[in-house]
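Written out below as structure tokens is the structure these notes cover.
The values are calculated or read from the model by the stated rules, or taken from the named source; none is laboratory data. No experiment lies behind these values; they were computed from the predicted model shown. Please note: Cβ atoms are built from the backbone with ideal geometry, for glycine as well, and neighbour counts cover all protein chains shown.
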There are 4 protein chains.
Amino acid sequence: MFDVAHIGHLELLTPRPQESVGFFVDVLGMEEEAREGGSVYLRSWGEWQRTSLKLTESDQAGIAHMGLRANSPEALERRAAAIEETGLGDGWIDGDVGHGPAYRFTDPDGHVMELYYESERYNPPPHLRPSLKNQPQRYRARGCAVKRLDHVNLLAADVPAAREFATERLGYRLHERIILDDGRETGAWMSLSIAAHELIYVADAYGARGRLHHVAFWVDTREEVLRAADIFLDHDVHIEAAPSKHAVAQGFFLYGYEPGGNRVEVTTGGYFVYDPDFEPIVWTEAERAKGQAWGVKTVESFHTYGTPVVEPA
Amino acid sequence: MFDVAHIGHLELLTPRPQESVGFFVDVLGMEEEAREGGSVYLRSWGEWQRTSLKLTESDQAGIAHMGLRANSPEALERRAAAIEETGLGDGWIDGDVGHGPAYRFTDPDGHVMELYYESERYNPPPHLRPSLKNQPQRYRARGCAVKRLDHVNLLAADVPAAREFATERLGYRLHERIILDDGRETGAWMSLSIAAHELIYVADAYGARGRLHHVAFWVDTREEVLRAADIFLDHDVHIEAAPSKHAVAQGFFLYGYEPGGNRVEVTTGGYFVYDPDFEPIVWTEAERAKGQAWGVKTVESFHTYGTPVVEPA
Amino acid sequence: MFDVAHIGHLELLTPRPQESVGFFVDVLGMEEEAREGGSVYLRSWGEWQRTSLKLTESDQAGIAHMGLRANSPEALERRAAAIEETGLGDGWIDGDVGHGPAYRFTDPDGHVMELYYESERYNPPPHLRPSLKNQPQRYRARGCAVKRLDHVNLLAADVPAAREFATERLGYRLHERIILDDGRETGAWMSLSIAAHELIYVADAYGARGRLHHVAFWVDTREEVLRAADIFLDHDVHIEAAPSKHAVAQGFFLYGYEPGGNRVEVTTGGYFVYDPDFEPIVWTEAERAKGQAWGVKTVESFHTYGTPVVEPA
Amino acid sequence: MFDVAHIGHLELLTPRPQESVGFFVDVLGMEEEAREGGSVYLRSWGEWQRTSLKLTESDQAGIAHMGLRANSPEALERRAAAIEETGLGDGWIDGDVGHGPAYRFTDPDGHVMELYYESERYNPPPHLRPSLKNQPQRYRARGCAVKRLDHVNLLAADVPAAREFATERLGYRLHERIILDDGRETGAWMSLSIAAHELIYVADAYGARGRLHHVAFWVDTREEVLRAADIFLDHDVHIEAAPSKHAVAQGFFLYGYEPGGNRVEVTTGGYFVYDPDFEPIVWTEAERAKGQAWGVKTVESFHTYGTPVVEPA
């Protein structure tokens, strides 16, 4: 069942590529690993793969594609076949910087995804060699110094359809969800591991398709999230939601917008699910109305803003 | 392959049961969940199962048995059969407080283990009901307030044999190891999940069999580990190793002895392994001689002390 | 000039004395040090004086008096004389649990205050003796485990009058203030030490006199403030403002109401003022409208609620 | 009495000036504020004065002088006169980058010191302007990002003489001390404020005069000290003592050597002394033999190494 290992990388679109690279390098503290075909490939210091983020210029912000790494060549074949059946498959591409052949498809909401197995292990240049051999790269302590890509939150016009695809075709396990009083499912938190969430679908307020809510990068401590807020503040990054603790999944968050407009989270915390018979937590409308874990009311834009930006109908 | 979910519980032996219970309740901050047959069953606030620790009186400290939870009834059957083949199987027991039928066996070093699937979900009494529904129990903030059982470190006369059994019969993945200059493997860090380590075998300095090095309980932050040191200090708990960061697995640690003599760790941190082709890190004798991550020299007793206590030959 | 050392204690009024004691002992983690005359005297583990908080039953919540410790017997005489001149003096009382003769007076807003020098040094009973001799009491790790009384925020109908009294008669140094567009001074943050604030006056939204905005207890880390929010949540304490960072004075805060209705803060952080020529920071109306340091909008009740509770005219 | 405000700056000598500047800028995260006469002037982001550290090339490492800021022009005159009486005065100099006329003298151990009042307030260039007006400079998040110069520890052949000079001529208050079994005073922790320590004298193991033990820079959290250890590790800075908590003064520490050889501490924590009748804590030889707060044994070099380096007789 666990044919898919994790979200290995993401391609973000930005109308302001230079400023976006500046944000991810200087503010988030990532490293530029490669430039090719007009795109810039970045990595976090705690990642064993070469790259987890590809930035590509575009008219509008948004997510170009999300890359999922399979657990083995056989698992890759199995998943590709399972997706092929759904009619959402697009076929194979040769690969990209850092990874080999990938099977392209879309989720039911139109987000472009790809599955791959072959991945290039990061080989640090001398000035980035770490002191500890169980760490892929030197810790440079620049900006937020995010450790790795953690999770992706996608907006979907039809959350149940997207959630079913993720659980049935990709093998995600459902951990938490929101069901409104009228029965509508407006959020689904899923994972391939003990981490509480790795892939999230939430309802698109405008019924649009294929949009990104946010991409989250991990730091090991809440102190680093608090510090990231100071860094955002003094680097003129718009803070949409100041550090606090989510009720759903209990992650500790900070949300801001990178210069291209995509929402970025610096995150840590949450909980682990070790129990094989864990029953998904269901949040009601009334419970969600209480705000975040400590009562912070969620800012309105958090429920509506996504990339690309769309106008309310 | 991932037939086993996690280490669900541990039974510790103690010659001073009352003081040991006092330590786990007042200092570590666990809850007493049941008493039966002279044993006391305890739980941490973040555990969905009823109990993760059983304390049983005995002449000597040590580990009575370790309980592993299977991922499904079928997985349980498969693993029991696989162990049966090795001749290390002991057969089925009816169960215990909090779990159903279990297949008993020993690892090659003689540590008693059991595999089970049926597990009672924790149902908090009114005064322990949490405010957040994705949390199994109220957070009481007593002592160290450990969140859950994290990992177990077992001493073994023959590390490679124990490590092979764990990887081949139980499905553990090997993440880090120590290989001395003479080729001897003296430590193996293994996991069933993305967590860097869940089960560890290290060489028993006296060549004894079936001993416990330590059991580790998780807290979410390094600040809580530092605070735990203050708590140990002011509750007269012997601190064997003050808070610092391990080189191997990069866990943040505090080690002390509970009144019965068993070594207990309060831990957090480390790293996650998402890569399916992660290659086990191998530490050499020279690298280990450098001490912990920040150069702290490991205290001698850490290499020799275990429970039950044995005398050097 | 520095004739006054610090705010040594506070007497709070509560219509629910038993529940209030429960809050300060179980949730904040203070110790009950004495009971006398129907009042309960409490202390935090990091205080060298016997007691910093006196709880007294009353019809309404509020502050009964605030005790300021002078730096010497001579300083006490000097300050008493300086206050006497203003006509706000009430004369001497014999003392109370933990301190000797005190000179009673009110500030221009009607808050009862007292100045004293003789103070009883805390002598811990055996079960509360600390391990480190530079710590007055054992660290018990119960609830929020606040370390000491940190600062007091008083509502005042006339902030400039109160601020002038504090700086001219008590020797406080002004560090930060709020001046509205119409020239009104609505807040003054003052200190007797390098700490950014120890005594605050903010404008009473209802023009009432003698009310309390909040009393703040110190913890050493932001992690403890975050943890305190979890404790408040699971102990049914109303969280008025979840943890975040103030713009003014940069303190890290959590605000809740104790059962009697008084607002209590758990705080840490801020900055130190070492410069003798430090110029008070002046915040404008526009700057304050931006919310707290990371953009959190201040909840409306924070601007209006105080004890005793008064109704808007 | 409190005529002196704080240690405003320090001049360190280094045989490797370029590497030393690199350390303070890239690893500690300070800003270069000026270069003049071959010296480099640095500042931390939380300082209202222009500069707190002057680096000057020399054959040997060590401290060239320590600058103390007086609380007023009158206080400066009073202190200069009080020092003049002792015969340790050297007379006035015109000033230096960032400050005006200073009275030069030596302590009884030969450390060069100066007292000044006029100090240039830091005026950040546009790219270093902070978002919060109660912060002197933008937070750049480079390396350890130390906030300010915190304290200085000087080695002295005769600790009582140096301690007496500091308390009687400069107005320091004694908070903690070490008295050996033979009656020798080998350490004195003193302060001009509520901070537990700002100036420390400890016995020089070799009986040398005028040496530096260490200079400490402040960060606001223990997490930043732990993070600093990771930064030291991955920037090849020799870690002499990994993060832990001192018994004396309870500061949380990390010690390393800058490239020139001077010992540098990254520090936070400790406690505040508000009590005017606080009695200095006296540590005995037996108590100090227990190691640091959590039992960490102090590394031998910590008792002997200082700058300039001297050979044991």
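In the condition set (1) free of Cβ contacts under 8 Å to residues at least 60 places away in the same chain; (2) within 20 Å of A:ALA5 (Cα to Cα); (3) under 19 Å from the mean Cα position of the chain (by Cα), A:TYR116 is compliant with all but (1). Tell me, yes or no, whether segment B:29-38 has at least one residue that is in a helix (DSSP H, G or I), of a type outside the set (A, V, I, L, M, F, W, C) and within 14 Å of another protein chain (Cβ to nearest Cβ). For segment B:29-38, residues in a helix (DSSP H, G or I), of a type outside the set (A, V, I, L, M, F, W, C) and within 14 Å of another protein chain (Cβ to nearest Cβ): absent.
Across segment B:174-199, the qualifying residues are those that are in contact with a Leu (Cβ under 7 Å, 6 or more places away or on another chain) and of a type outside the set (S, T, N, Q), and the one among them that is surrounded by the most Cβ atoms within 10 Å (Cβ to Cβ) is B:ALA188.
Looking for something under 16 Å from the mean Cα position of the chain (by Cα) and charged (D, E, K, R) - is there at least one such residue anywhere in segment A:268-286? No.
Taking D:GLU74, is it surrounded by fewer than 16 Cβ atoms within 10 Å (Cβ to Cβ), out of contact with any strand residue (DSSP E or B) (no Cβ under 6 Å at 6 or more places or on another chain) and within 14 Å of chain C (Cβ to nearest Cβ)? When the stated conditions are applied, D:GLU74 passes them. For segment D:30-59, filtering for residues that are among the small types (Gly, Ala, Ser) and either surrounded by 24 or more Cβ atoms within 10 Å (Cβ to Cβ) or touching a Leu at 6+ places or on another chain (Cβ under 7 Å) (or both) leaves 4.
Here segment A:212-260 is the region considered, the condition is being part of a helix (DSSP H, G or I) and at positive phi, and the residue that is surrounded by the fewest Cβ atoms within 10 Å (Cβ to Cβ) is A:GLN250. Inside segment D:264-277, residues that are surrounded by 24 or more Cβ atoms within 10 Å (Cβ to Cβ) and within 11 Å of chain B (Cβ to nearest Cβ) make up a count of 0. Restricting A:THR304, A:THR284, A:THR268 to those that are within 18 Å of C:SER244 (Cβ to Cβ), out of contact with any His (no Cβ under 8 Å at 6 or more places or on another chain) and not aliphatic (A, V, I, L, M) reduces the list to A:THR268. Just name the residue that is farthest from B:ARG140 (Cα to Cα) out of those in segment C:219-234 that are more than 9 Å from chain B (Cβ to nearest Cβ) and of a type outside the set (A, V, I, L, M). Here the answer is C:ASP220.
Just one of the numbered conditions (1) out of contact with any Gly (no Cβ under 9 Å at 6 or more places or on another chain); (2) at negative phi is not true of C:GLY295: (2). The set of residues in segment C:53-71 being within 14 Å of another protein chain (Cβ to nearest Cβ), out of contact with any His (no Cβ under 7 Å at 6 or more places or on another chain) and part of a strand (DSSP E or B) consists of C:LEU68, C:ALA70. Per this entry, A:VAL310 is counted among residues that are over 27 Å from A:LEU192 (Cβ atoms), away from chain C (no Cβ under 11 Å) and touching a Lys or Arg at 6+ places or on another chain (Cβ under 9 Å).
Within 14 Å of another protein chain (Cβ to nearest Cβ) and either more than 27 Å from A:PHE252 (Cβ to Cβ) or of a type outside the set (S, T, N, Q) (or both): is that true of B:GLY261 in this structure? In short, no. Cβ separations smaller than 6 Å between residues 6+ apart or across chains give the following pairs from segment B:167-179 residues that are hydroxyl-bearing (Ser, Thr, Tyr) to residues that are part of a helix (DSSP H, G or I): B:TYR172/B:ALA166. No other residue among A:ARG148, A:ARG129, A:ARG140, A:ARG177 is among the basic types (Lys, Arg), within 14 Å of chain B (Cβ to nearest Cβ) and closer than 30 Å to B:ARG177 by Cα apart from A:ARG148.
Considering segment C:134-166, and only residues there that are part of a loop (DSSP other than H, G, I, E, B) and within 15 Å of the chain's Cα centre (by Cα), the residue that is surrounded by the most Cβ atoms within 10 Å (Cβ to Cβ) turns out to be C:VAL146.
Restricting to segment C:278-305, what's the tally of residues that are assigned to a loop (DSSP other than H, G, I, E, B) and within 14 Å of chain A (Cβ to nearest Cβ)?
Residues in segment C:278-305 being assigned to a loop (DSSP other than H, G, I, E, B) and within 14 Å of chain A (Cβ to nearest Cβ): 11 in total.
Out of C:ALA75, C:ALA70, C:ALA82, C:ALA34, report the one residue that is on the phi < 0 side of the Ramachandran plot, modelled with pLDDT of 95 or more and under 17 Å from the mean Cα position of the chain (by Cα).
After ruling out the rest, the residue left standing is C:ALA70.
Against the numbered list (1) of a type in the set (Asp, Glu); (2) out of contact with any Gly (no Cβ under 8 Å at 6 or more places or on another chain); (3) under 28 Å from D:GLY29 (Cβ atoms), D:GLU84 comes up short only at (3). In this structure, D:LYS147 does satisfy being at negative phi, in contact with a strand residue (DSSP E or B) (Cβ under 7 Å, 6 or more places away or on another chain) and in contact (Cβ under 8 Å) with a residue 60 or more places away in the chain.
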